[in-house]
Amino acid sequence: MAPRFQAPRGTRDLLPEDLGRWQWAEERARGVLERYGYREIRTPLFEDFELFARTSGESSDVVQKEMYRFQDLGERDLALRPEFTAGVMRAYLEHGLGGRTRIHRLWSAGPVFRYGRPQKGRYRQFSQVNCELVGSAAPGADVEMITLFVDLYQAWGFRDLTVVLNSVGQPASRRDYGERLRAWLAPVRERLSADSQQRLVANPLRVLDTKDAGDLALFRERGELPRMLDAIDAADRAHWDAVLAGLDAVGIAYEVDHGLVRGLDYYTRTAFEVHDRALGAQSALGGGGRYDGLIAELGGPPTPGVGFAIGLDRALLVLEERGAAVPAPAAGVYVAAMESTRTAALALARALRRRFPVELDIEERAFGAQMKSAGRSGARLLLIVGEEEWGRGEVVVKDLASHTQETLARAGLEAALAARLAQAPPDPPAAGARGAHRTETP
Ligand code: HAM
């Protein structure tokens, strides 16, 4: 019988066996972020709807079609965050961070919400790792961001990633480019999808975002796409050249994509993404860019910024498909007791849990049943609290990986166990032999 309740469409449960990979990825990311000098900031899961409408852009898909917008009981117009940047900039202004030091390096991670059509790699609740560098307009800031972006993927084992980038200029040059795009598409305008025809009127750059096969065929028919890089002014061009030179200097591989426009409207100058073919249509693993007008748009002093977000669900999906191994969880200790030593074992387990992962039978089962559980538990060491040994102040310790056994004194037991757990286990047993890993079936 199907269960009465299921997770809402577009959301997923992450079960304990899935979370090893997530926690490993989050830990690796945290290490890289700390080494780059980024500090974590946590903002609410929901904000005023207006904050997102103003920053993402009224005509963006995110605002038009994908917002989880709701009224609370106080009739406030709110929305679940569809991304981090707007909330982080709101917090930056609200707490006057700009008045403390000029440059802020901030990261966040957690769930974001977009009401899209669910498919592989596309969910209504998904997770991002998000970074922002606020307060510097220098090309060096863009270079640091893109380098950090690539280094995060590298820490997860991605190799040979190519970043695609473009300049999206400034609002004025974008208007100019929009006109060029309209002129370029004029001969095929009536044959474009209804969505693209609308976009051509409201926000022509958005047309380049289309996934419609017919539209893409028409683009090919028109030949070479007008280049945003031909429409930007001299200062933006100099910035662009300096960013590319910086990427060359640090050895980041990139390709210029003249058709790259981002799905959110706040970008100026540099825009970048990485893609992976394994994800099919939802190929963007992450993306970002510069947003020099965003803080002023929110009523703050003109303050430049650059940032990115990585879609963690998609990155992990790719790693999983490639069969990337995740380190096994730390193997600990299984404490087994006799009828007469149960209370002693309980107290011993509690003491050992100050240092090691410890498992213990809570159902007063027979010794044989405890042995079976120990074998399945993934524990490296089995501690047997026997009546006689315990009477002498000793326990029996079996190494389930090397199949060796010894008797150790309770006094100093923690140090002795730590030394044994730190030893590398012997080579895995031959097929069919009994091992001590959690993945093995009983
Ligand atoms: P974004 O390109 O909208 O940028 O999203 C970043 C990443 O989130 C995408 O590349 C993708 O991997 C992932 N993503 C987006 N939608 C979904 C979905 N429905 N399901 C699964 N993954 C998804 C931003 O959000 C900007 N705030 C990045 C930024 C930060 N720009 C400056 N600072």
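The values are calculated or read from the model by the stated rules, or taken from the named source; none is laboratory data. Not measured: the values here are computed from a predicted model. Cβ placement follows ideal geometry from the backbone for every residue including glycine, while neighbour counts extend to all protein chains displayed. We work out accessible area using only protein heavy atoms, side chains counted, and drop any ligands, DNA or RNA first. Shrake-Rupley method; radii C 1.70, N 1.55, O 1.52, S 1.80 Å.
Dividing the Cα radius of gyration of the chain by 2.2 N^0.38 Å, with N the residue count, gives 1.26. Here's how it looks for Glu394: its modeled amide H is under 5 Å from those of Arg410, which are all 5 or more places away or on a different chain. Using the Cβ-Cβ distance between Lys372 and Gln125 with R0 = 35 Å, the FRET efficiency computed as 1/(1 + (r/R0)^6) comes to roughly 0.35.
Available extension along the chain between Thr11 and Arg100 is 28.1 nm, counting 0.36 nm per residue and deducting the alpha carbon span. For region 154-200, the equivalent ellipsoid derived from the Cα gyration tensor has semi-axes of 33, 17, 9 Å, listed largest first.
Converting phi to 3J(HN,Hα) with the Karplus coefficients 6.51, -1.76 and 1.60 and the offset θ = phi - 60°, region 234-240 yields 5, 5, 5, 5, 5, 4, 4 Hz in sequence order, with x at every glycine or proline. Counting only lysines at least 8 places from Lys398 when in the same chain, those with an alpha carbon closer than 24 Å to its own are Lys372. Could you tell me how far the Cα centroid of region 264-303 sits from the Cα centroid of region 193-258, in Å? Spelled out, the Cα-based centre of one part sits 13 Å from the other. Of all lysines in the structure, those lying under 24 Å Cα to Cα from Lys211, and not within fewer than 8 positions of it along the same chain, are Lys65, Lys120.
Secondary-structure-derived ellipticity at 222 nm for the chain, considering helices only, amounts to -11000 deg cm²/dmol, per-run term -39500 (n - 2.57) for DSSP H runs with n ≥ 4. Accessible area per residue for the chain, computed on protein heavy atoms with a 1.4 Å probe, is 51 Å². Springs between Cα atoms under 10 Å define the GNM used for the chain, and in it the highest mean-square fluctuation of Leu417, Leu93, Leu181 occurs at Leu417. Note on Arg222 and Ala242: with the Förster distance fixed at 25 Å, the Cβ-Cβ geometry gives a FRET efficiency of about 0.20. To the nearest ten degrees, helix 312-321 and the longest principal axis of the Cα atoms of the chain are 60 degrees apart. Please find, in a Gaussian network model of the chain (springs between Cα atoms separated by less than 10 Å), the residue of Leu14, Leu51, Leu319 whose mean-square fluctuation is greatest. In this elastic network of the chain, the residue with the biggest mean-square fluctuation among Leu14, Leu51, Leu319 is Leu14.
Between Gly375, Gly110, Gly87, the residue with the greatest mean-square fluctuation in the GNM of the chain (Cα pairs under 10 Å linked by springs) is Gly375.
Ellipsoid fit via the Cα gyration tensor, region 270-365: semi-axes of 52, 22, 9 Å, each the root of five times an eigenvalue, largest first.
The chymotrypsin sites (Phe, Trp or Tyr not before Pro) of region 1-83 that meet both conditions, a loop assignment by DSSP and at most 14 other Cβ atoms within 10 Å of the site Cβ, are Phe5.
For the chain, with all protein chains in place and a probe radius of 1.4 Å, 51% of the accessible heavy-atom surface sits on carbon or sulfur. As a ratio to 2.2 N^0.38 Å, the alpha-carbon radius of gyration for region 2-52 is 1.70.
Built from the Cα atoms of region 80-164, the convex hull projects on average onto 7.3 nm², one quarter of its surface area.
Here, region 1-86 has an Rg and a Dmax of 17.4, 52 Å when only alpha carbons are counted. Roughly speaking, what is the centre-to-centre gap between region 48-64 and region 308-335 when only Cα atoms are used, to the nearest Å? Taking the Cα centre of region 308-335 as reference, the centre of region 48-64 is 34 Å away. An ellipsoid equivalent to region 204-350, defined through the eigenvalues of its Cα gyration tensor, has semi-axes of 50, 22, 16 Å when rounded to whole angstrom and sorted largest first.
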